[in-house]
1. Please list, in order along region B:103-109, the HN-Hα scalar couplings obtained from phi with the Karplus expression 6.51 cos²θ - 1.76 cosθ + 1.60 (θ = phi - 60°), rounded to whole Hz, x for Gly and Pro.
2. Please list, in chain and number order, the residues 5+ apart from A:Tyr79 or on another chain whose amide H is under 5 Å from its amide H, with Hs placed from the backbone.
3. So, in Å, what gap is there between the alpha-carbon centers of region B:168-202 and region A:278-312?
4. Which percent of Cα-Cα pairs in region A:54-163 sits in each 5 Å bin, short to long?
5. On C-alpha positions alone, give me the angle between the axis of helix B:212-243 and the longest principal axis of chain B, in degrees, nearest 10.
6. Report, to the nearest 10°, how far helix B:48-78 tilts away from the longest principal axis of the Cα atoms in chain B, using its own Cα long axis and a range of 0 to 90°.
7. When a/c is below 1.5 the answer is rounded, else prolate if a/b is larger than b/c, else oblate, so apply that to chain A with a ≥ b ≥ c taken from the square roots of the Cα gyration tensor eigenvalues.
8. Return the long-range amide H neighbours of A:Val51 (sequence gap of 5 or more, or a different chain), with a cut-off of under 5 Å between placed amide H atoms.
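Each value in this text was obtained by applying a stated rule to the coordinates, not by laboratory testing. Everything quoted here is computed from the prediction, not taken from an experiment. Cβ placement follows ideal geometry from the backbone for every residue including glycine, while neighbour counts extend to all protein chains displayed.
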Amino acid sequence: MIEIEGITKRYDATTVVDDVSMIIEPRTIAVIVGTSGSGKTTLLRMINRLVEPTSGIIKLDGADNRSVPGYELRRSIGYAIQGHGLFPHRTVAQNIATVPVLLGWDKDRIKARVDELMTLYQLDPREFGPRYPHELSGGQQQRVGVARALAAEPNVLLMDEPFGALDPIIRTKAQEDLLAIQKRFGTTIILVTHDMEEAVHMGDKIAVMDAGKLVQYAKPAEILANPASSFVETLVGASERPFRLLSLGRVRDAVENGAAEGEAIPGDASQRDALAELLWSGRPALPVKGADGKPLGRVTVDGLVKRAARPA
Amino acid sequence: MKAWLPLLLRLALVVLLVAFVTSPGWFEPLLKPLTENNAPVIYNQGSLLTLTLLHLRTVLIATVAATIVAVALAILVTRPAGAEFLPLSRSLVNIGQTFPPVAVLALAVPAVGFGEKPTLIALFLYGLLPIFENALTGLTTLPANVVEAARGAGMTGWQRLTKVELPLSAPIILGGIRLSVVISLATATIGSTVAAKTLGEVIIAGLLSNNLAFILQGGLIVAALAVLIYDGLSAVERYAARRMGREAE
Ligand SMILES: Nc1ncnc2c1ncn2[C@@H]1O[C@H](COP(=O)(O)OP(=O)(O)OP(=O)(O)O)[C@@H](O)[C@H]1O
Ligand SMILES: [Mg+2]
């Protein structure tokens, strides 16, 4: 659990982060969104004390983050820096191994971990391990940056726009992988992004920042349904809201009784994908199948449209 | 086709240099026309090889000392605690460079006596500036988010310095050392005026006895050394810079 209590950061006269308080529950993902310069990176960096706050307290699992030396704190927190920040004089494998080496892991364990992460991020350890960062594409560099943050299996992960340079296919894959890792290890993640789609998809909660202030911190459905201000409304994109809302739900939860013609859609697909498929194929209903392939019922255009409306 | 040509030229220069300092007699016919009245053609008051090695040793000692001090100073003034000493150390090092080496020799002799010591002092002071300035440039122009990533990973100040900051500025620091070495190679010749055993001895002997052949052979050996060492260090620098994906400047 991360408790941020009345955190303020001032540089001279300008307040960059202004009295922000929020609680990130253990094993959840909090996504921070906001315009450029709204203080997202600064807030993130106060958690691992790369920036010292002007006032306020941050607690990790109940302990003040100033109770251990800064470098020790930072070894226990994964940090994927904005723009990857790979060490240009170290190979990809050495970059990923940074924190495990600092923690004094033995060689075999480090190698196994590096290979595991590289394989996860679709970088062949034998081909890419000995390369230098400048010999990678922007997207590959970014994946190495994320792998480096994950290397020591941290309980808390801070990620500053980690997927910005990835193409849509790899980005979706990287998001799914991160969600899987988060589920498996129960990692608490704070992720900064400019991509509202990503925020709604990844976040258990979304924090919206504007000019240093936390203007809303709530579940994605709540942010979509009841934006706290016109700023939040603009940020979530008014015309996209119904679809974002649908993307939060699973087909399984929208199943109605009855049958329908054609190829069945899996129950754990998103409702938005189901609606897209219905609209595109011009059919009024689709059959739904469970993970075991058994029919569950059907989804209909009418049923989904109702679910896309603003919750009462 | 073209790629091996520079390498071949360098190799030829090395062979020529080694041949000249080990068996200067072979080259006597070439230098003969430069002498008059049957004066000796090849330096005869000591072995050229010994003088070359001593010359190199003097330069090496002075450069190593200058490197240690200049880099340490640059590290010190780029830490938050030492930042206030930056202007002071800059001017001190600048004085070292502007003070003519001959004057340093003249001042050092009464203090430390004749021989290699005053030469070392002069070379050391003269060599500080290029190394210091380059180390300063290297350490202050590191990519900010790489240094931040090192902090973010939990490196201590010392680990950041040794694992990230120094390796990243190595090519630039090497550039400073290269300049310093070349300056020292040439400047070391004047050490012979205070009885240091360097190749300057050959040149001075040539001047005293009006022997153009002596002056030329002393000068040529120093020049060949300078070219080869400059070249070698440039190659090391380029290699280091390339590994970091930076173009060598
Ligand atoms: N060290 C600093 N000194 C002075 N001002 C700073 C410093 N660091 C950040 N700022 C200012 O604080 C504000 C917030 O910066 P921050 O990096 O947190 O923004 P951000 O929300 O992450 O923006 P982006 O989306 O562009 O990454 C900016 O106006 C920035 O100029
Ligand atoms: Mg930022």
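1. Once rounded to whole Hz, the list reads 5, 4, 4, 4, 6, 7, 4.
2. Amide H to amide H, under 5 Å and 5 or more residues apart or across chains, A:Tyr79 pairs with A:Leu158.
3. About 82 Å separates the Cα centre of region B:168-202 from the one of region A:278-312.
4. 2, 12, 22, 23, 18, 11, 6, 4, 1, 0
5. It is inclined by approximately 20 degrees.
6. 20
7. oblate
8. A:Met46
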